[in-house]
Amino acid sequence: MQTRGLPGFTMERQWRHAAPLQTAAAGPKIRVLQYNILAEALAEGSNGNVDEFESVARLRQPHSAGRHFYRTPLHDCYKFRADQESLAWVRRRPLILAEIRRHAPDIICLQEVDNFQDLKTELALDGFSGLFGKNKGYKTRHGNAVFWRTLDFRFKEHKLVHLGENIMTALLVKMTSKDGTPLVVCSTHLKAGMSGQMEELRVRQVDKLLSYIKTFARKDAVVLGADLNAHHANYSLCSGTLTQPLALFEVTAEVVPRLETAGFTNAYGDYPSFTSWAGWLDRDVKLCLDYIMLQGPLSAMSALDVPPDDLVADHPNRMPNDKCPSDHVCLVADVQMLLPAVEAAAPTPSTPTAAGKGFAVE
């Protein structure tokens, strides 16, 4: 794939490989990219004159999660330490496109998209078609997008569904591969918030999502690319002397386990150390929020690991920064589509069965 624009965010990343699944015939192999690109409307930065905070030791540890305040918490502070100039869409747009192109995906799931036409025009040059689903609310511009490589997939239908509770939606797209194998791709973004109450709200959203997927996909394979705003494991909410009363408060993971119980598997095998490490004016927030989840006849083959924790921790802004256009890293996974199993022939009346009544034992 030809690369256009500025070099992407090139922090060191390694591929991790899964053992091949031998239980079904192999179909097409696809590469899926999941990315919360940070909406222009939400990319509010500093004036450049901000304190630099050395990353706290706890968050530097791999697979650590939570938030740490470096100063007295600012009320409703959603400004990044990165300066506003580096967060301008005209600056971030080529970096986002270069990052997508660098990984040469076949399927792309994006969240916090509020400049869809820009992305659609550019990605069309690389052979992609795409759909956008705006979140609810007349003042809201951003939403979710799904792109697919038109040489490899044929669009069938789509559905935009509201997940309730707030503005969040899910975009479901049904397509078929060149050999006719069906695939459903879902891009969604759940409500943010680091508390047990917000996790319970997200559980209600994911229950609605599972119901919509079941009706729309039926027995077809499903790729879910999502910013679930939910960590996959329990974590302590805060650390540091400024918030000592909250240091032992634990948020219980419910959303990701709900998806796993419904039959979704993580394309990464073991979950990444983090997918978002936001550097706000008063705090760091490090969590695994983004996921590529699979359901049905699909097998994960390999996945691109996130950058080493120390590499992000050593950047004073964490994320976003002058090289990273979002507070999230993209996830990339190679997935094998599996051909439907051939149904076994029913036994003839003369064939003995364990039950002795003409029924095969399952």
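Condition check: free of Cβ contacts under 8 Å to residues at least 40 places away in the same chain, surrounded by fewer than 18 Cβ atoms within 10 Å (Cβ to Cβ), within 27 Å of Ala303 (Cβ to Cβ) and of a type in the set (Ser, Thr, Tyr). Does Thr121 satisfy that?
For Thr121, the condition - free of Cβ contacts under 8 Å to residues at least 40 places away in the same chain, surrounded by fewer than 18 Cβ atoms within 10 Å (Cβ to Cβ), within 27 Å of Ala303 (Cβ to Cβ) and of a type in the set (Ser, Thr, Tyr) - is not met.
Quick one: which residue in Glu112, Glu99, Glu157, Glu85 is within 22 Å of Met293 (Cβ to Cβ) and surrounded by fewer than 16 Cβ atoms within 10 Å (Cβ to Cβ)?
Residue meeting the stated conditions: Glu157.
Could you tell me which numbered condition Met194 fails, if it satisfies all but one of (1) surrounded by 16 or more Cβ atoms within 10 Å (Cβ to Cβ); (2) at pLDDT 95 or above?
Only one criterion is unmet by Met194, namely (2).
Considering Ala57, Ala82, which residue is free of Cβ contacts under 8 Å to residues at least 24 places away in the same chain and of a type in the set (Gly, Ala, Ser)?
Values: Ala82 fails: free of Cβ contacts under 8 Å to residues at least 24 places away in the same chain.
Going through Ala57, Ala82 in turn, the sole match is Ala57.
Can you give me the number of residues within the range 305-345 that are closer than 25 Å to Thr181 by Cα and either among the aliphatic types (A, V, I, L, M) or modelled with pLDDT under 90 (or both)? Before you say what the answer is, go through the steps one by one.
So the first thing to find is which residues in the range 305-345 are closer than 25 Å to Thr181 by Cα, and the list is 331-345.
Add one more test, that the residue is either among the aliphatic types (A, V, I, L, M) or modelled with pLDDT under 90 (or both), and what stays is 331-333, 335, 337-345.
So the count comes out to 13.
Considering only residues that are of a type outside the set (Asp, Glu) and assigned to a loop (DSSP other than H, G, I, E, B), look in the range 160-184 and name the one that is surrounded by the most Cβ atoms within 10 Å (Cβ to Cβ).
Met168
Any idea which of (1) farther than 25 Å from Ser55 by Cα; (2) over 16 Å from the mean Cα position of the chain (by Cα) is the one Ile292 doesn't satisfy?
Failing condition for Ile292: (2).
Against the conditions (1) among the small types (Gly, Ala, Ser); (2) within 24 Å of Val312 (Cβ to Cβ); (3) at pLDDT below 95; (4) part of a loop (DSSP other than H, G, I, E, B), where does Ala230 fall short? Just the number, please.
Tallying (1) among the small types (Gly, Ala, Ser); (2) within 24 Å of Val312 (Cβ to Cβ); (3) at pLDDT below 95; (4) part of a loop (DSSP other than H, G, I, E, B), Ala230 fails exactly one: (3).
Can you confirm whether the range 261-270 contains a residue that is β-branched (Val, Ile, Thr) and farther than 23 Å from Trp89 by Cα?
Yes: one or more hits.
Could you check Leu248 against (1) farther than 18 Å from Lys156 by Cβ; (2) outside any helix (DSSP H, G or I); (3) modelled with pLDDT of 95 or more and say which number it fails?
Leu248 satisfies all of (1) farther than 18 Å from Lys156 by Cβ; (2) outside any helix (DSSP H, G or I); (3) modelled with pLDDT of 95 or more except (3).
What pairs can you find where one residue is in the range 24-52 and farther than 30 Å from Ser299 by Cα, the other is in a strand (DSSP E or B) and among the charged types (D, E, K, R), and their Cβ atoms are less than 6 Å apart, with a gap of 6+ or different chains?
Ala39/Glu112; Gly45/Asp83; Ser46/Asp83; Gly48/Asp83
Determine whether Ile108 is β-branched (Val, Ile, Thr), touching a helix residue (DSSP H, G or I) at 6+ places or on another chain (Cβ under 9 Å) and farther than 29 Å from Gly27 by Cβ.
no
For the range 211-240, name all the residues that are of a type outside the set (D, E, K, R), surrounded by fewer than 16 Cβ atoms within 10 Å (Cβ to Cβ) and more than 24 Å from Phe69 (Cβ to Cβ).
Selection gives Ser211, Thr215.
List pairs: first residue in the range 199-224 and within 11 Å of Val255 (Cα to Cα), second residue of a type in the set (S, T, N, Q) and in a loop (DSSP other than H, G, I, E, B) anywhere in the structure, Cβ distance under 7 angstrom, at least six positions apart or on different chains.
If the second residue must be of a type in the set (S, T, N, Q) and in a loop (DSSP other than H, G, I, E, B), the pairs left are Glu199/Thr252; Arg202/Asn229.
Residue check: is Leu151 within 22 Å of Val255 (Cα to Cα) and either more than 16 Å from the chain's Cα centre (by Cα) or assigned to a helix (DSSP H, G or I) (or both)?
no
Check Ser211 against each of (1) over 24 Å from Val161 (Cα atoms); (2) modelled with pLDDT of 95 or more and name the one condition it does not meet.
All conditions pass for Ser211, except number (1).
Looking only at the range 259-292, which residues are among the aromatic types (Phe, Trp, Tyr) and within 18 Å of Asp314 (Cβ to Cβ)? Break it down into steps so the answer makes sense when it comes.
If we filter the range 259-292 for residues that are among the aromatic types (Phe, Trp, Tyr), which is where we start, we get 264, 268, 271, 274, 277, 280, 291.
Passing the criteria: Phe274, Trp277, Trp280.
The values are calculated or read from the model by the stated rules, or taken from the named source; none is laboratory data. Quick caveat, the model's predicted, so the values are computed rather than measured. Here Cβ is always computed from backbone atoms with ideal geometry, including for glycine, and neighbour counts include all displayed protein chains.
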